[in-house]
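What follows is a short report on a single structure.
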Amino acid sequence: MRKLFFANWKMYLGDDEAEALARSYAEGALSASVDVAVAPGFTALERVARVLAASKVALGAQDAFWKDEGAYTGEVAPKQLAALGVKHVIVGHSERRAMGETDEIVARKAAAVAADGMTPVVCVGELKEEREAGRQEEIVRAQLAAMMAALPSEAPFIVAYEPRWAIGTGTPCSPDDVAKMHACIRGIAGPDAAILYGGSVDPENFRPYLDLPDVGGLLVGGASARPDAVRAFFEAFAS
């Protein structure tokens, strides 16, 4: 099975920049040895969707609410994303959890995304103090249990392991520790689940992670929004 390169552009790009970068992704994916998906900001989704419509790149979104309609000012409904052609939706990203999202909220979002025919990309991971206390597997197991209890048994999902202490720090988790955690996740999520790794991934350090047997791809943040890094990633994927 081909591995997945999932680009989370976060809040870095304006709509014009996002459209231009989407064209680079569409071109790079033609010869890439991995599948590719991108999650632009909400305001750029429609423009990026048009660019990617005839390409090999799947359209993703960075978040969704757990209801399809209602008096929820500022939220974005899963059905609104599905109508734009979104295939994957990130839920429970470490940056969202840091702002107060609980396992229950993440699980409700994952279920809502699945109900509208999209695949939730459910992020899990531990804080620095949790790892230092040896509780990393306990934390991740609890996060996964909440999500899996909320999803129908037949619903597809992707898990993204991102050690929360590594996000944006420039200090990625060691490949050995990633391998151990992905083996733990595999035991819970099942043999067919796609499990991505994310956490300060860039063109210089990604290969040892991507080559691990239980790593089904990468969730890449800031580096995925930089044109120079994108070129370097696709040069590596084409080799």
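Sub-8 Å Cβ pairs linking a first residue in the stretch 44-66 that is among the polar types (S, T, N, Q) to a second residue that is outside any helix (DSSP H, G or I) and surrounded by fewer than 23 Cβ atoms within 10 Å (Cβ to Cβ), at least 6 apart or interchain, are Gln62/Lys10; Gln62/Gly41, ordered by first then second residue.
When the stretch 183-210 is limited to residues that are under 14 Å from Gln143 (Cβ atoms) and either buried (at least 20 other Cβ atoms within 10 Å of the Cβ) or modelled with pLDDT of 95 or more (or both), the one that is farthest from the chain's Cα centre (by Cα) turns out to be Cys184.
Here Ser94 meets each of (1) touching a helix residue (DSSP H, G or I) at 6+ places or on another chain (Cβ under 6 Å); (2) surrounded by fewer than 21 Cβ atoms within 10 Å (Cβ to Cβ); (3) of a type in the set (Gly, Ala, Ser); (4) at pLDDT below 95 with one exception, condition (2).
For (1) free of Cβ contacts under 8 Å to residues at least 40 places away in the same chain; (2) touching a Ser or Thr at 6+ places or on another chain (Cβ under 9 Å), each residue gets a yes or a no:
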| residue | (1), (2) |
| --- | --- |
| Gly92 | no, no |
| Glu95 | no, no |
| Glu101 | yes, no |
| Gly125 | no, yes |
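If I ask for residues that are part of a helix (DSSP H, G or I), buried (at least 24 other Cβ atoms within 10 Å of the Cβ) and either in contact with a Phe, Trp or Tyr (Cβ under 7 Å, 6 or more places away or on another chain) or not hydrophobic (A, V, I, L, M, F, W, C) (or both), which ones from the stretch 104-135 would you list? If the condition is that a residue be part of a helix (DSSP H, G or I), buried (at least 24 other Cβ atoms within 10 Å of the Cβ) and either in contact with a Phe, Trp or Tyr (Cβ under 7 Å, 6 or more places away or on another chain) or not hydrophobic (A, V, I, L, M, F, W, C) (or both), then Lys109, Ala110 are the ones that fit.
The values are calculated or read from the model by the stated rules, or taken from the named source; none is laboratory data. Everything quoted here is computed from the prediction, not taken from an experiment. Note that each Cβ is placed from the backbone with ideal geometry, even for glycine, and that neighbours are counted across all protein chains shown.
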